[in-house]
Structure formats: C-alpha cells, structure tokens
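Student: Can you keep this structure in mind? I'll have questions shortly.
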C-alpha cells in the first residue's frame, strides 16, 4: 500500500485494508503452534493469508524481497505494510475514530490510546497456550511486557532485543575521521576538547571540496530536535537516555531534564559555538534532505546524532571515496566530573511492541506469525538473510558474502531491497548478545563482524588510540548502574492524563525557548534561560515531575525492581 497519501484519506484506507469483524479483548488459544504454515491451513488454501500491518516507523515498501518471501513460506503470511504519512502522529487517533484497525499495529507510545478504545486484544492466553517461542525469548523478563500495575495484561510483543551487548554506540557526538588524523589523534573527552579540535581544523581548512567548512551541524527543524539538540545535552551531562527525564535509579524520582543546571551549561556552550561561527546557521531551519545532502559533501566536521539518522550520508561518503570523512563516536561530556552513559545497560526495555487488533479476522494467524518471528529460524533469517544468497556456512559458521557486506555498508537501500536486517525492528528479537543452538551469535553484530566491517581509516584511527572498537573509548557497561526502570522514553503515557498534557506543554516551551537561546547574543542567554524556567514553572513542571515519578515507581513495582 502506498505511504504517501493524504492523512485526510486515512480512515478510508484503514477501512479498505482491514477485514472488519466483531472483536473483543479476549485471546482464547487454539491448537499448539507447530511453526508451519498455520495461516494457509486455517484458511483452507495454499495461498498465504494477508495481514495488514501498520508501523509508526518505516518507509513505503512491499513484502516481496528475498527475506520476506522466506518469511511467507515459513508462516503462510504476507504482510501488507502501511506507515504514517510524513511521520504524522494523528494516524492512531484516526484509526480509533473509525473503529477499525489493521491486523497488526506498532503504535510506539500510543498503545494506551488503543487499549482505552478497545482496539487491541490481550495476548496472555495465547502466549501461555501457543507462544512457545515468545515464552522462551522473554523468560523471566516477560513481566516487562505488561501494561501497568492496574492492568497487568500483555498487549504487545517485540521491538527491542532481550539479551544485548553493546558493540557500537549511537547518538553521541561524532567527528570526522579526517579531523582526528590531521590533528594527530587527540584525546577528546570534554566539550572543551571537542570545540578546540573543531576550531583548529576549521582554521586550517576553511573550505572542503570547494565549499565552506561547517564545524558542527544539527537537525533541529522537526521532531529530530529531540535527537540532535535535546538528547545530546543529557549525554554531555552524564545522564542516561531517559527521553525528557532524569531519573534517580535508587528512588525512581523523575525530573524534567531541562530544568537542571547541566542542561543550562550545555546550551550556553552551544550558544557560544553559534556566536563563534562554529555552528551551522541552518541547524534549525534545514530539512532532513538538506541535512543529509550537506553531510554527504564531506564538509561537515561533526554531528550530534543517531547512526540511523545519518546512514544515508555515510553510504554516500563511502560511495564517493570519502571514507575518511565518515564519523567516529566521541565520549564527550561537560567536564571530567561526568561519566558518559552510552553503554548503560537498560535491560529489556519492554514498553513498545506490536499488538493484534480487536477487529482482525486473523488473530490466531497474526499471533502465530509473531511467535514464529521469535524463533531461532526467524532470527537467523532476518539478521543474516537467505543462505546461499546472502551468506554461506563455513566450518559450521555463518559467513556473509563479501559483496553483500559491502552493499550493506555502502548502499542505503540494500537492506530494504534485500530484506537483510530489515525485519529485525520492531519485531521480537533475541538481541545482540544472544547465541543460537550451535553457540554462534544470532546477529551479525558480534565483535569479529564489527571489526571486519570497519573502514580502513577507522582501523587506522583505532590503532592510533590503541583500541579495537569505538566502545573502548567509553566507560564500560560494567562500570555503570543497571537501570531499574528500563528506559523512560519507552513508557506508555496514559492518554489524556495530566502527565501527557503537561509534558506536551513543557516540550513545546523548551523546544522553542532553547532554540531562541542558542541563537541569541551570548549576553542575552541567561535572561532567556531564566524566563524559560519561569514558563515551565507556570506550566506545572512540579506536578509533571510528581506524575512521572509515580509512573516510574509503578513500572518498578510491576517489574519487581523497587
């Protein structure tokens, strides 16, 4: 189904693409799942059953690549996938207004709205009666799938790996490998170090490839403001990634993060970067397309972004022979008193997942499909692709073909076209630390594979720093506390609650006022910041902190981590 259709037609599309039936929120089980074409058999036909699937993340795509075809062969299910237009956040409310839903729904943080509307079913009975793969996957972590203390039912599965070992970082400050090389591979641990490196290289090379050099560029014109502006401030302050919150791991006390002094310090530094001409002046007006195009020229020295958001630029740089202008992650913090939390163990995050709709006529087929996606067979397929086409087995070990690995590294569309790695998220996944029944890593993201996939200038830089992996530059996971609440960014906020309403008000204030403060004359910064704090107080930030603290503590109670 086409993605780029007007939101005005969403109700019509949902109606056409779902088979409406009278549903309820029960989930009575059927025969044991044998993981073999249940959908086709139940339908009395060899033809696959089509399940409509709405995902809040993704891009327009048909389910016909080599990996998708293998999934259909194994499950008897063909997915008809739909995504919100331009990331529109009204898709779920529009579904609810129409009262009919796709068979499968990945709603991210909007699941609560669907539960309140009776739009999704409870999965507890199905998991118990026919969910052997899901039970094996989640084990003693299954309580993290539960909705709330008041309603401890399971409505969704998937999205995040259960057993994880970080081998790479994402979301940190990142700097060009060429900058590191030219400056003799300096230590860059603080904002002061970071700024000094950018300033020195910029002075040496005011132009790159005939265009003006840009020391630091951000993408703050849309929802990515949270990713490239708001979140890096927390990372620099030594805080874990809990979305808009800083949470005490011992007590569960939550604070709306932008009221803390560390955030003031960070944004005052960013204000200074702007005043010195080191910040891209288009950081808060450029489109994503412009941003990626700019990075692809090789003239942007650094970013503060997630790898998934700049993957297209990385591929373009490699294709154009500018591997040296790709980026290396940095453990940058405000000062030496802070500890970077990039490798923090959040445990299985729970929170988000794929639900089955109450109007679906194929609830059992949909569940069996999700359960199969949690199987070893499925995990190998979605991570490695099709044996003989994408990888081979050598001495009992899976080995990716060189040409496939190269395409995954250099062609931004290859994963989508081949299916290799495309169906890991948001489906059930074992995680980067999991191994199969033969003891081999279930994912391609093991240490040997990561090292093998490093670019030549990356290897040079790592060797100069005496490291094998970029994570060696960061505080090790065992030096950091394990989160007792997972990641607060994945909490399901009750729809229409004071917490939801006040946080939206606070988010609107901070995005506007912080942007203004960054771009202001440095002499005006403190006054603007103080005015923002007063606006937040007037908007009810104290109540907001209290509401979030109560929610965090209820999650800890539900998980047994109090």
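Read the figures in this text as sums done on the coordinates, not as results from a lab. Since the model is a prediction, treat every value here as computed from it, not as a measurement. We place every Cβ from the backbone using ideal geometry, glycine too, and count neighbours over all the protein chains shown.
Student: Compute the angle between helix 541-559 and the longest alpha-carbon principal axis of the chain, please, reported from 0 to 90 degrees and rounded to the nearest 10.
Tutor: 50
Student: Label residue 454 and residue 308 with points 7 Å out from Cα along Cα→Cβ: what is the distance between them in nm?
Tutor: Rounded to a tenth, the inter-label distance reads 2.5 nm.
Student: While we're on this one: Nearest 5 is fine: what % of DSSP beta bridges in the chain come out antiparallel, could you say? Display every interim value, and only then the final one.
Tutor: Working: 24 of 39 bridges.
In the chain, approximately 60 percent of DSSP beta bridges are antiparallel ones.
Student: For the range 417-541, count all C-alpha to C-alpha pairs, find those more than 17 Å apart, and express that count as a whole percent of the total.
Tutor: Pairs farther apart than 17 Å: 78 percent.
Student: Same structure, new question: If each of residue 463 and residue 182 carries a label point 7 Å out from its Cα toward its Cβ, how far apart are those two points in nm?
Tutor: 2.2
Student: Let me ask something else about it. What FRET efficiency comes out for the pair residue 546/residue 320, r = Cβ-Cβ distance, R0 = 45 Å, nearest 0.05?
Tutor: On the way: r = 52 Å, r/R0 = 1.16.
Computed FRET efficiency for residue 546 and residue 320: 0.30.
Student: Simple spin-label model, 7 Å along Cα-to-Cβ: residue 476 to residue 293 in nm?
Tutor: So the label points at residue 476 and residue 293 sit 4.7 nm apart.
Student: Multiply the residue separation of residue 524 and residue 507 by 0.36 nm, subtract the distance between their alpha-carbon atoms, and state the gained length in nm to one decimal. Walk me through the numbers on the way to the answer.
Tutor: Numbers: separation 17, 0.36 × 17 = 6.12 nm, distance 2.17 nm.
Stretched out fully, the residue 524 to residue 507 stretch lengthens by 3.9 nm.
Student: Oh, and also: For the Cα atoms of the chain, what angle does the longest principal axis make with the long axis of helix 498-519, in degrees from 0 to 90, nearest 10?
Tutor: 30
Student: Rounded to the nearest 500, what is the chain's calculated 222 nm mean residue ellipticity when only DSSP H runs of at least 4 contribute -39500 (n - 2.57) each, over all residues? Show your work: numbers first, answer last.
Tutor: Values: 22 runs with 216 residues, N = 562.
Using -39500 (n - 2.57) per qualifying helix, the result is -11000 deg cm²/dmol.
Student: Separate question: Counting C-alpha atoms alone, how compact is the chain: give Rg to one decimal and Dmax as a whole number, in angstrom.
Tutor: Considering the chain through its Cα atoms, Rg and Dmax are 23.9, 74 Å.
Student: What is the Cα centroid distance between the range 339-392 and the range 266-311, reported in whole angstrom?
Tutor: About 33 Å separates the Cα centre of the range 339-392 from the one of the range 266-311.
Student: Take the alpha carbon atoms of the range 121-190, find their center, do the same for the range 501-537, and report the distance between the two centers in whole angstrom.
Tutor: Centre-to-centre distance over Cα atoms comes out at 32 Å.
Student: Under the 0.36 nm per residue contour assumption, what length would be gained going from the current alpha-carbon distance of residue 192 and residue 204 to full extension? Working shown, then result.
Tutor: Details: separation 12, 0.36 × 12 = 4.32 nm, distance 1.84 nm.
Here the answer is 2.5 nm.
Student: Now a separate question. Treating the angle as unsigned and between 0 and 90°, give the value, to the nearest 10°, between the Cα long axis of helix 191-204 and the longest Cα principal axis of the chain.
Tutor: So the helix axis and the longest Cα principal axis differ by about 70 degrees.
Student: So how do 220-230, 421-431, 283-293 stack up, highest first, on mean other-Cβ count within 10 Å?
Tutor: Working: 220-230: 19.0, 421-431: 21.4, 283-293: 16.5.
With the highest mean Cβ count within 10 Å placed first, the list reads 421-431, 220-230, 283-293.
Student: So what is the relative contact order for the chain, in percent, with contacts set as C-alpha pairs under 8 Å and at least six apart? Spell out each step's value before the answer.
Tutor: Values: 1016 pairs, mean separation 127.6, N = 562.
In percent, rounded to a whole number, it is 23.
Student: Suppose the chain between residue 57 and residue 211 were pulled fully straight at 0.36 nm per residue; how much longer would it get relative to their current alpha carbon spacing?
Tutor: This chain segment gains 52.0 nm when fully extended.
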